[in-house]
Amino acid sequence: MDKITTFGSIFAFSCLLIGLKLGGGEVLAFWDFPSIIVVFGGAAGSLCISYSWDRFRAMFAQMKQTYISSPDYDYLKIISNILSISEVARKEGILALDSKIAEIENPFLQRGLQMVVDGVDVKIIEEVMTAELDSRADRHGDIKASIDFLASIVPAYGLMGTILGLVGLLRNMDDPSAIGPAMALALITTFYGAVAANMFLMPWAKKLEERSNDEQLYGEMISRGCLLIAGGVHPRIIQERLLAHLSDKSRVQFNELHLSEELKAGG
């Protein structure tokens with residue numbers, strides 16, 4: 001479970017309910033089935049018109065993923081692994097990496113190093129790894145764009161519900177029993193649209209964007225490391241080039257980590 005996302009959703013919704021109760025309102029007064037049909041049914045229909053069924057399912061699957069812990073992109077660890085591999089390549093030669101590939105857990109790093117061992121041209125390695133990273137980023141961008149689209153149309157359907165309610169209200173001014181339902185449709189649809197877009201949809205999209213950026217940086221560091229190893233670059237230069245992607249704080253942590261490892265190795 002992603003604790004911060006879960007906490008944020010519960011906290012925001014709780015604040016809404018607390019504000020409602022402190023204002024003297026009743027929670028059940030905000031339950032209106034016709035408004036749900038107008039806002040969420042209409043928005044779902046627009047999504048079906050706009051996107052394929054696969055995209056539709058993928059979008060809702062990714063929404064659920066925001067509440068599940070993301071993979072741990074340990075940048076310092078992957079840099080350490082790449083440096084260890086580069087040391088082997090420098091001392092024993094590129095072909096010595098062939099026996100090390102099976103021990104590597106990250107499949108993207110495995111594929112990159114396999115091309116290095118196979119003697120594939122550096123430019124081709126770069127093209128292949130960049131294409132995979134770009135394709136992944138495009139897929140993530142498509143999902144975010146779908147959620148952003150949903151966040152933009154949900155308030156619009158809330159406004160449509162408001163218009164429908166006002167029209168019904170004006171047409172039945174002589175019937176007091178029809179005024180209440182029409183007013184509820186007019187006001188609660190706008191409320192549903194605003195809550196869905198601002199409390200959930202847009203934050204979900206930003207969460208997925210943040211995770212995508214983290215994964216993209218992780219992949220770029222792996223790709224750059226493979227290319228530098230293939231080019232025979234000295235491990236110290238590889239270290240500096242990879243650390244350049246990180247903050248000064250991360251650089252200090254990396255140096256402390258390696259210092260402690262060296263002290264342990266020295267006895």
**Prompt:** Within the stretch 97-114, can one find any residue that is among the hydrophobic types (A, V, I, L, M, F, W, C) and more than 31 Å from the chain's Cα centre (by Cα)?
**Reply:** yes
Selection from the stretch 222-244 of residues within 21 Å of residue 124 (Cβ to Cβ) and among the polar types (S, T, N, Q) yields 223
Cβ pairs under 6 Å, 6+ apart or interchain, first in the stretch 65-83 and within 28 Å of residue 233 (Cβ to Cβ), second among the polar types (S, T, N, Q) and not in a loop (DSSP other than H, G, I, E, B), ordered by first then second residue, are 83/239
Just one listed residue, out of 47, 76, is surrounded by 10 or more Cβ atoms within 10 Å (Cβ to Cβ), under 24 Å from the mean Cα position of the chain (by Cα) and under 30 Å from residue 162 (Cβ atoms), and it is 47
Subset of the stretch 112-148, residues free of Cβ contacts under 8 Å to residues at least 24 places away in the same chain and in a helix (DSSP H, G or I), comes to 114, 117, 123, 124, 127, 128, 131, 134, 135, 138, 139, 145
Going residue by residue through the stretch 60-67, is there one that turns out to be closer than 27 Å to residue 118 by Cβ, in contact with a helix residue (DSSP H, G or I) (Cβ under 6 Å, 6 or more places away or on another chain) and buried (at least 16 other Cβ atoms within 10 Å of the Cβ)? no
Only one of (1) surrounded by 20 or more Cβ atoms within 10 Å (Cβ to Cβ); (2) over 24 Å from residue 76 (Cβ atoms) does not apply to residue 179, and that is (1)
Over the stretch 10-59, the set of residues touching a residue at least 24 places away in the same chain (Cβ under 8 Å), of a type outside the set (Ser, Thr, Tyr) and either outside the structural domain of residue 204 (by TED's automatic domain parsing) or within 17 Å of residue 194 (Cα to Cα) (or both) is 12, 13, 16, 30, 32, 34, 36, 38, 39, 40, 42, 43
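The values are calculated or read from the model by the stated rules, or taken from the named source; none is laboratory data. Everything quoted here is computed from the prediction, not taken from an experiment. Please note: Cβ atoms are built from the backbone with ideal geometry, for glycine as well, and neighbour counts cover all protein chains shown.
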